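Written below as structure tokens is the structure these notes are about.
The values are calculated or read from the model by the stated rules, or taken from the named source; none is laboratory data. None of these values were measured; they are calculated from a predicted model. Glycine also receives a Cβ, built like all others from the backbone with ideal geometry; neighbour counts cover every protein chain displayed.
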Amino acid sequence: MMRDLSVDIAGLTFRNPVTTASGTFGYGEEFLDFLDPGQLGAIFVKAVTAKNRDGNAYPRMAETTGGMLNSVGLQNKGVDHFCREIYPKVKKFDTYIIVNVSGSTVEEYVEVAEQINELEKVPAIELNISCPNVKLGGMAFGTVPAMATEVTAAVRKVYKKVLMVKLSPNVTHITDIAKAVVEGGADVITLINTLLGMAIDAERRRPVLSTITGGLSGPAIKPVALRMVWQVHKAVAVPVIGLGGIMNATDAIEFILAGASAIQVGTANFIDPQASIKIVEGIREYLERHKIASIKELVGALRTE
């Protein structure tokens with residue numbers, strides 16, 4: 001019996017629920033020696049901003065127990081460069097290309113979204129609302145419901161395709177933020193982004209990262225991510241894409257049981273560039289072992305009673 005791994009995400013049919021997390025897979029071309037992107041449900045490419053960003057000073061990555069810290073700083077050459085130089089190369093991939101959109105003001109998000117909207121082979125964007133709002137003293141858009149609604153609604157007015165919003169876990173009540181972005185017009189929620197953390201070099205008595213703090217990812221954050229995916233799945237009616245410490249197929253299945261319709265593989269890509277396709281095969285083997293016809297049967301199927 002053939003197992004159906006396809007999932008429906010806001011009108012898009014992914015061939016399987018495995019995708020790659022923004023910032024961990026480049027633009028896809030970097031992994032061509034290891035896999036065919038067409039084997040994945042989608043690729044979430046690295047962040048695109050309105051203008052060129054050089055990123056933060058080095059060192060900006062550090063290994064930690066059970067994960068890694070990063071403070072790359074959204075390094076990219078801007079949306080014009082993406083449309084002119086990157087898009088022609090990645091549009092040939094036989095899978096969905098989804099662009100992570102970042103900014104420091106609402107206007108910057110809107111500017112990027114407007115330009116990406118014109119790219120025929122990009123069916124969706126993922127708003128990264130963990131970015132600091134420079135007009136409000138650096139407070140992240142995704143930490144206050146009203147701000148989350150505002151930026152989502154502004155982009156919704158100009159972006160006509162599938163709008164995904166990636167939530168920051170650095171909040172008190174994740175469901176409040178989820179409801180806020182749905183109110184603003186989000187079609188899909190992805191979560192979680194990295195947790196704020198830091199590392200210290202005791203011998204030098206100095207921070208390891210140039211920025212002092214950075215984003216923690218990897219297996220260490222998985223329990224937090226699972227909890228938030230489960231809470232958000234119960235709180236809103238839109239599809240959820242889960243990520244945070246997914247290293248293998250068992251991790252992926254856990255997120256799907258918690259309510260994720262699809263998952264993103266992030267830190268695992270740095271350890272094993274074939275991690276994502278191994279997870280696809282592991283999910284297929286799980287369905288066969290449990291005699292489950294479709295992965296859709298497992299979405300939100302966690303037994304809590």
Taking T64 as the residue in question, decide whether it is over 29 Å from K157 (Cα atoms) and surrounded by 16 or more Cβ atoms within 10 Å (Cβ to Cβ). yes
Are any of the residues in the range 102-112 in contact (Cβ under 8 Å) with a residue 40 or more places away in the chain and in contact with a Lys or Arg (Cβ under 7 Å, 6 or more places away or on another chain)? no
Kindly indicate which of I246, I200, I263, I256 is buried (at least 22 other Cβ atoms within 10 Å of the Cβ), among the aliphatic types (A, V, I, L, M) and over 22 Å from I129 (Cα atoms). I256
Among residues of the range 2-47 being of a type in the set (V, I, T) and in contact with a Leu (Cβ under 9 Å, 6 or more places away or on another chain), the residue surrounded by the fewest Cβ atoms within 10 Å (Cβ to Cβ) is T19
Look at the range 253-294 and say how many of its residues are touching a strand residue (DSSP E or B) at 6+ places or on another chain (Cβ under 6 Å) and in a helix (DSSP H, G or I). 5
Do we find a residue being out of contact with any Asp or Glu (no Cβ under 6 Å at 6 or more places or on another chain), part of a strand (DSSP E or B) and at pLDDT 95 or above anywhere in the range 20-36? yes
Select the strands (runs of 3 or more DSSP E) contained entirely in the range 160-208, then report the ones holding at least 3 residues which are in contact with a strand residue (DSSP E or B) (Cβ under 6 Å, 6 or more places away or on another chain) and in contact (Cβ under 8 Å) with a residue 40 or more places away in the chain. 162-166, 188-191
Is there a residue being among the charged types (D, E, K, R), within 20 Å of N76 (Cα to Cα) and either crowded, with 21+ Cβ neighbours inside 10 Å or in contact with an Asp or Glu (Cβ under 6 Å, 6 or more places away or on another chain) (or both) anywhere in the range 105-126? yes
Restricted to the range 62-84 and to residues being among the aliphatic types (A, V, I, L, M) and free of Cβ contacts under 8 Å to residues at least 60 places away in the same chain, the residue nearest to L216 (Cα to Cα) is V72
So which of V265, V224 is within 27 Å of D187 (Cα to Cα) and in contact (Cβ under 8 Å) with a residue 60 or more places away in the chain? V265
Determine, yes or no, whether A148 is among the small types (G, A, S), within 26 Å of G197 (Cα to Cα) and modelled with pLDDT of 95 or more. yes
If you go through the range 179-193 one residue at a time, do you hit one that is surrounded by fewer than 19 Cβ atoms within 10 Å (Cβ to Cβ) and in contact with a Gly (Cβ under 7 Å, 6 or more places away or on another chain)? no
Taking only pairs six or more apart or across chains, which ones have beta-carbon atoms under 7 Å, a first residue in the range 138-155 that is within 19 Å of E111 (Cα to Cα), and a second residue that is among the aromatic types (F, W, Y)? M147/F141; A148/F141; V151/Y109; V151/F141; A154/Y109; V155/Y109
Subset of the range 209-242, residues under 20 Å from D176 (Cβ atoms) and outside any helix (DSSP H, G or I), comes to V236, A237, V238, P239, V240, I241, G242
Is it true that S130 is hydroxyl-bearing (S, T, Y) and touching a helix residue (DSSP H, G or I) at 6+ places or on another chain (Cβ under 6 Å)? yes
Could you please let me know if I86 is aliphatic (A, V, I, L, M), more than 19 Å from the chain's Cα centre (by Cα) and farther than 27 Å from L209 by Cα? yes
Any hit, the range 113-135, residues being over 16 Å from the mean Cα position of the chain (by Cα), part of a helix (DSSP H, G or I), modelled with pLDDT under 95 and of a type outside the set (S, T, N, Q): yes
With respect to the numbered conditions (1) within 26 Å of E30 (Cα to Cα); (2) in contact with a Gly (Cβ under 7 Å, 6 or more places away or on another chain), which one is the sole condition not fulfilled by N269? (2)
